[in-house]
Structures are given as C-alpha cells and as structure tokens.
1. Answer yes if at least one residue in segment 100-115 is on the phi > 0 side of the Ramachandran plot, surrounded by fewer than 19 Cβ atoms within 10 Å (Cβ to Cβ) and not in a helix (DSSP H, G or I), and no otherwise.
2. Quick one: which of 86, 76, 97 is within 16 Å of the ligand (Cβ to nearest atom), in contact with a strand residue (DSSP E or B) (Cβ under 9 Å, 6 or more places away or on another chain) and modelled with pLDDT of 95 or more?
3. Just need a number here: residues in segment 120-156 that are buried (at least 24 other Cβ atoms within 10 Å of the Cβ) and within 9 Å of the ligand (Cβ to nearest atom).
4. Which of (1) touching a helix residue (DSSP H, G or I) at 6+ places or on another chain (Cβ under 7 Å); (2) assigned to a helix (DSSP H, G or I); (3) closer than 30 Å to residue 59 by Cβ does residue 323 not meet, given it meets every other one?
5. Inside segment 335-360, can you point out the residues that are part of a helix (DSSP H, G or I) and more than 7 Å from the ligand (Cβ to nearest atom)?
6. Could you please find all residues in segment 163-197 being within 14 Å of the ligand (Cβ to nearest atom) and out of contact with any helix residue (DSSP H, G or I) (no Cβ under 9 Å at 6 or more places or on another chain)?
7. Have a look at 197, 248 and point out the one that is under 30 Å from residue 332 (Cα atoms), crowded, with 18+ Cβ neighbours inside 10 Å and out of contact with any strand residue (DSSP E or B) (no Cβ under 9 Å at 6 or more places or on another chain).
8. State whether the residues of segment 172-187 include one that is farther than 29 Å from residue 38 by Cα and touching a strand residue (DSSP E or B) at 6+ places or on another chain (Cβ under 9 Å).
Ligand SMILES: Cc1cc2nc3c(=O)[nH]c(=O)nc-3n(C[C@H](O)[C@H](O)[C@H](O)COP(=O)(O)OP(=O)(O)OC[C@H]3O[C@@H](n4cnc5c(N)ncnc54)[C@H](O)[C@@H]3O)c2cc1C
C-alpha cells in the first residue's frame, strides 16, 4: 500500500518517532502495548514477508532485512515479536495447504492473528531433534501433549506453530492459543528482550483435527524447522546490526559531549578505538546480512551458510558493541533505564536464540572443509 513506509529511510523515521523513544518503557513494563501492536499492522510490518496478494507488504528479503535492522535499532523486543511472527507466516505460506493459507495468511498479514514459534522444551533447546512433545493419531486427527518453553510472543499470540513427534518423526502443527487444553504462563524477568512477552505453553491432551498438520508428516526437521529458523536467523542477524548501530550512535553522542573542563572524551585515543571497532563491525555485519538477503532473493541455497555467518558475526559483534557502549558511558550506562544497559542485555540474548554461538561455530567450520575438498 502506497502510504506504508517502504524503504530504509522511511523505516528509520517511523522507528525514531514511534518505537525507539518507548523501548525503555517496554523493557521496564515487560510488554509491548496493544496500541503499538496495532500500529505495526497499519504499517504493514506484521505482513512484511508475505506477498501483496494476501495483504502483505511483499518486501524482498534485502528490504525485509533493512526493516528488521531499523526496528532492532529501536527496540529488540518489537523486532523479536516481528521475527517469530514472520517465521510463522513464512511457514504457512511455504508449507500450508490451500485451506490453511486461505484461512491464516490474510489474518497474519494484517497482524489480526499474531504468530508464535514453539520448538524449545524444558529438555530440548539446541538439540531440536530431541523434542519430546507428542501428537498421537486418534480418530483421524491428533492428540497433542507436551510443554514448550521461552516462547516469544506466547502471552499474546493467536496462532502457534508447534513441533511434536508423531509415529513418523517430528511434524509441525498449527494450533490456536484459544484451543482447549492450551495453557500459557507468562515468563518475566528474562535478561533481555523483556518486552517480547515470553510464555511457557503446555498442551494438555489437545484434540486437533487432521487439518492442523502443516507440511509433510514426520519431516518437519528437514523442511519447516530448517526453513523457518533460517528466516528467523536472518532477521536476528539484521536486528543485531541495528543494535551495533544504536551503540555506535549513543557512544559517539555521549563521548562528544562528556569531558568536563579539560577535553571531551572523544579526544582520547582509547575512546576512539572502541568507536572504531563499532563502525567497522556495523559495516561488516550489514554487508554480511545484505549478502544473505540477496542470496535469499535469488533463492540460492548458499543463503543458508551466508545466514549462519551473518548471524554469528552480527550477534557476537553486537555483544561486544553493547559491552563497549556501557563502558563508554561509565556509571550512566549502568543506570536504570539507560539504553546502553538495555542494548547489553538484549545483545546477549542474540547469541543464544536461533542457533547459539557454539552451534554456529560447529556449522560454519563445515565451510572450511568444503573449501579444502574443492
Ligand atoms: C529471550 C528468548 C526468546 C526465545 N524465544 C523462543 C521462541 O520463540 N521459540 C522457541 O522455540 N524457543 C525460544 N527460545 C529458546 C531458544 O531457542 C533456546 O534458548 C536455544 O535454542 C538454545 O537452547 P537452550 O537454551 O536449551 O540451550 P542448550 O541447548 O541447553 O545450550 C546451553 C549451552 O550449551 C551450548 N551447546 C549446546 N549444544 C552444544 C554443542 N553441541 N556443542 C557446543 N556447545 C553446545 C549452547 O551454545 C549454550 O551455550 C528463546 C530463548 C530466549 C532466551
């Protein structure tokens, strides 16, 4: 739609006016208010990844990355909500039956249904193949049993993308949060992305129809999980570029001003060194994200590795930049409500979600062996 923002400059202006100034409050109140969630719908940001034909913004992947970078610069909690929602929307668009697509995509595109991604369990995180939730066949449908943990948006989501074991392997299911037997409990006090309204979700003998199954029965790990995590990882990588950018801008503004009667902090070489690292990191991380986005737009399978690399670099660089941003601000950066300490807490989360730093180190090393085998 023509009145919706559709480029980096416009995304940035909206984030500066409507999201960044309130991010501290979202963090403190551990919630993003309904009014902001509705506004994301007006902006077309819930449906950014979906085609215009179903009411989405139809952004290409490079532009989607720019949107998630700008939102991540303003507020990692809002970006996290958009990330998991985009993952669910992508899953329905790629693997949904005609009925599932017709029913859910227009609602997901407008944000009238918010999606959450339910993979992690109390005993299974990085090792997703070890999930123990089950969906047992009964009367032509399924009985879903199990518990999911740390589900972003789980407090407010309407549509849950749930992974469970059937007799054939791991399968994906679309489950409404309002469905009988779905029990959610808020998770508060997380280190970072505190506004992203996490929940624990139990599925207590949920009776699902056969139409709840999304994609091929038993093959979700190789299809839906991998495809959707790739999208989530790309979004998180871009969000990390935003965190580094925010750290750089805050660090430069503070050190240019601060210095008392002698000379500003910006005149000290050791201060400039920290900013130099941020400037270099943000440029490199942005280029890696762009490369991953361009490969996605060309549907080149090399995007998978490019996205691992982008996320690994951007998330570790964001943690470093946020730590240095606190350092540059001294006690002010450690103070309640200061953006630098929020960046620090949010950045650390990025090294854990969508493939932890260690899991990426294992994966990316494969690339070195591939090169030597050529
Ligand atoms: C804020 C937040 C939001 C989240 N949102 C969601 C969500 O919406 N949906 C969802 O399904 N999950 C969500 N999660 C869960 C997240 O996906 C998991 O935390 C992540 O997959 C890691 O799993 P884990 O926490 O169980 O850690 P573990 O897998 O137990 O790992 C613990 C540590 O061991 C390391 N490790 C694990 N395996 C290896 C290995 N083979 N070699 C070397 N080191 C290893 C890890 O890197 C990590 O440092 C969220 C988590 C957080 C913190």
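1. No, segment 100-115 has no match at all.
2. 86
3. Residues that pass the stated criteria total 5.
4. Looking at each condition in turn, residue 323 falls short on (3).
5. Applying the first criterion (part of a helix (DSSP H, G or I)) to segment 335-360 yields 339-350, 357-360.
Of everything in segment 335-360, those that are part of a helix (DSSP H, G or I) and more than 7 Å from the ligand (Cβ to nearest atom) turn out to be 339, 340, 341, 342, 343, 344, 345, 346, 347, 348, 350, 360.
6. Within segment 163-197, 164, 177, 184, 186, 187, 189 qualify.
7. After ruling out the rest, the residue left standing is 248.
8. The answer is no, given that none of the residues of segment 172-187 is farther than 29 Å from residue 38 by Cα and touching a strand residue (DSSP E or B) at 6+ places or on another chain (Cβ under 9 Å).
The values are calculated or read from the model by the stated rules, or taken from the named source; none is laboratory data. Predicted model, so just to flag it, every value in this text is computed and none were measured. Neighbour counts are summed over all protein chains in view; Cβ atoms, including those assigned to glycine, are modelled from backbone coordinates with ideal geometry.
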